[in-house]
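These notes concern the structure reproduced below.
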Amino acid sequence: VLQSSNSLKASYEDWLLTYGLSVSPFHMRWQTALFNRQFYNWGRWKPRFLYLWFSLGMVFGIVAMFGSVILLGKTLLQTLTQMLTEAPKAQNDRMLQVVVSVLSLGLYLRNDWPLGFLMCFILLSCPHQQVPGVNLPVSQLTYFFSAILISGVIHEVGHGVAAIREQVRFNGFGIFIFIVYPGAFVDLFTTHLQLISPVQQLRIFCAGVWHNFVLGVASFMVLLLLPAILFPFYYTGVGALVTEVAEDSPANGPRGLFVGDLVTNLQDCPVYSVEDWNSCLGDISEKSQVGYCISAATLQQLSFPARVYRRLDGTVECCSNNSLTDICFSYNNNLDSHLYACLPARKVIEASNVCRTNMDCQKDFVPSFCVTPSLENQTRLIRVKHPPHIDMLYVGHPMHLQYTVSLSSFVPRQNFLSIELPVVIETFCKYLISLSGALAVINAVPCFALDGQWILNSFLEATLSSLIVEKQNRELVGFLILLAGSALLAANVALGLWMVTAR
């Protein structure tokens, strides 16, 4: 609208130029020379160290270029195999699926040399887990976009500092927003870039993916050492601290879980951390329902006559559907293995030992039975201990409990300390590891418009100039490889998105 106005067009364009702004459909970019001095200071700091640093980055970039092709090839074969399999595997199968989701593209052209990046990431997940970009929770968007921006800035800082180290003129640094996804770019003088040797070019082109790899490793180390870092303020190894319970969670209620509760046991499985919580829920989900020891006298006292009927899945129900406290239990008395009793769940479970058979309950010569909840398939009765509160009795699918209750392994030493801080640090580190690591791998793919294109071209110039004398022939080899790499990446993206939407 402003550009179509004769009176405002000139002043509008002057205003954009003054502040280094550029606006176009779905894309807004800001470029500045404010940080040039800082970039030059970084690029001239300890030249010998920077030479070794970016030489390591060059080696990593070349390895990553070949490794990314192998990874994408393996992923493509795995996805095709999964698509063509007549009998798909069960939801509980732990086979990892690689889903490549293209999230944004910021391509900045200056003197025919693209100085942007393609923002992608790989999610290694089990088929039943959430996929960011498709069903990413709104509460995670801040982590997501912050990690994208930081990964992009670190990537471009690598290019900029390496270019100054190799005596290439640095014109400016900028940030862009493509649709809703943020990113960064650097503006280098193309003529200088073309005059330096292929090895020097490799150091510059590989610096971005190298810095992303280092950022991912640094984030992993922070995540690994977080208990030691936060030790003066938080202690670990005593349970899983509840930080959030979703409104629609089955764990909600007067006898459910509350923020600040410390979970110490799931059934007979001890919980010392969030990892234990997830592991215990996985074991409970995969194994059959445990039973509870109850004496014959108590069984006779608590049980009452009820109509027995079978559900559609073949399991048996013997309690009223309206009951909120009673559960149908099955047991055998060594004569009949198909006996059922409607019992008050809390009275049966409290002060009872878990069991699998009647033999587990034969103690103190008191006749006892192992009664097992008769529930629908995949449904479990889970006893959750969170002292000093009364135990929570959960009836439902274990994964519903896992998805609707957020926990932390860090317990504050003082009441004024936030229970959310360790969770924020953990979550942000995980996003940085995923996004920055993926950017390091995907951007190294020999594909048009990615760093891999320029890494490949410089690599061929540095290695094949003596074998293939004609430059045109070397360019043809590079073009064919780039064509194959682009097709491989496009096939992974298309099939990956198809797998996500198909699910």
How high is the FRET efficiency between Arg413 and Ala462 when r is their beta carbon distance and R₀ equals 51 Å, given to the nearest 0.05? 0.35
Using a 1.4 angstrom probe and counting only protein chains, how large is the accessible area of Thr325 in Å², to 10? 90 Å²
Fully extended contour minus Cα-Cα distance, from Ala449 to Val180, at 0.36 nm per residue: 94.8 nm
Per-q log10 I(q)/I(0), region 238-415, q = 0.16, 0.18, 0.19 Å⁻¹ (Debye; single scatterer per alpha-carbon; no solvent): -0.99, -1.19, -1.29
Quick one: net charge of Leu324's neighbours, Cβ under 13 Å, K/R +1, D/E -1? +1
Exposure of Ile154 as accessible area (Å², to 10), given a probe of 1.4 Å and all protein chains: 60 Å²
Rank Met65, Met399, Met359, Met83 by accessible area, highest first, at a 1.4 Å probe radius? Met359, Met83, Met399, Met65
Please compute the net charge surrounding Ser408, taking Lys and Arg as +1 and Asp and Glu as -1 over other residues with Cβ under 15 Å from its Cβ. -4
Qualifying chymotrypsin sites (Phe, Trp or Tyr not before Pro) in region 354-456, DSSP loop, other Cβ atoms within 10 Å at most 10: Phe365, Phe416
Measuring from the longest principal axis of the C-alpha atoms of the chain, the long axis of helix 9-18 (C-alpha) lies at a number of degrees, nearest 10, equal to 80 degrees
Cα→Cβ-extended label distance, 7 Å offset, between Thr142 and Asn252, nm: 2.2 nm
Accessible area in square angstrom per residue, region 238-415, 1.4 angstrom probe: 54 Å²
Between Asn473 and Lys74, the FRET efficiency computed from the C-beta separation at R0 = 35 Å comes out, to the nearest 0.05, as 0.70
Two-decimal Rg to Rh for region 416-466 - Kirkwood Rh, Cα set: 1.40
Check each of the chymotrypsin sites (Phe, Trp or Tyr not before Pro) in region 217-253 and keep only those in coil by DSSP with at most 15 other C-beta atoms within 10 angstrom; list them in order. Phe233
If each of Ser7 and Val316 carries a label point 7 Å out from its Cα toward its Cβ, how far apart are those two points in nm? 8.8 nm
If one compares the long axis through the Cα atoms of helix 198-229 with the longest principal axis of the Cα atoms of the chain, the angle in degrees, nearest 10, works out at 30 degrees
Tell me, what is the 1.4 Å probe accessible area of Cys429, in Å² to the nearest 10? 10 Å²
Once the mean of 1/r over all distinct C-alpha pairs in region 318-418 is inverted, the Kirkwood radius in Å reads 16.2 Å
Can you pull the one-decimal nm distance between simple spin-label points at Val395 and Arg356, each 7 Å off the Cα toward Cβ? 2.6 nm
I'm checking a number: the convex hull volume of the Cα atoms of region 376-493, normalised per residue, in Å³. What is it? 190 Å³
Calculate, for Leu195 and Val217, the FRET efficiency according to 1/(1 + (r/R0)^6) with r their C-beta to C-beta distance and R0 35 Å; round to the nearest 0.05. 0.55
Please determine, in degrees from 0 to 90 and to the nearest 10, the orientation of helix 274-286 with respect to the longest principal axis defined by the Cα atoms of the chain, where the helix direction is its Cα long axis. 60 degrees
With the convex hull built on the alpha-carbon atoms of the chain, volume per residue in Å³ sits at 236 Å³
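The values are calculated or read from the model by the stated rules, or taken from the named source; none is laboratory data. In this text, all values refer to a predicted model and were calculated from it rather than measured experimentally. Glycine also receives a Cβ, built like all others from the backbone with ideal geometry; neighbour counts cover every protein chain displayed. Note: accessible area is taken over every heavy atom of the protein model, side chains too, but ligands, DNA and RNA are not part of it. Shrake-Rupley method; radii C 1.70, N 1.55, O 1.52, S 1.80 Å.
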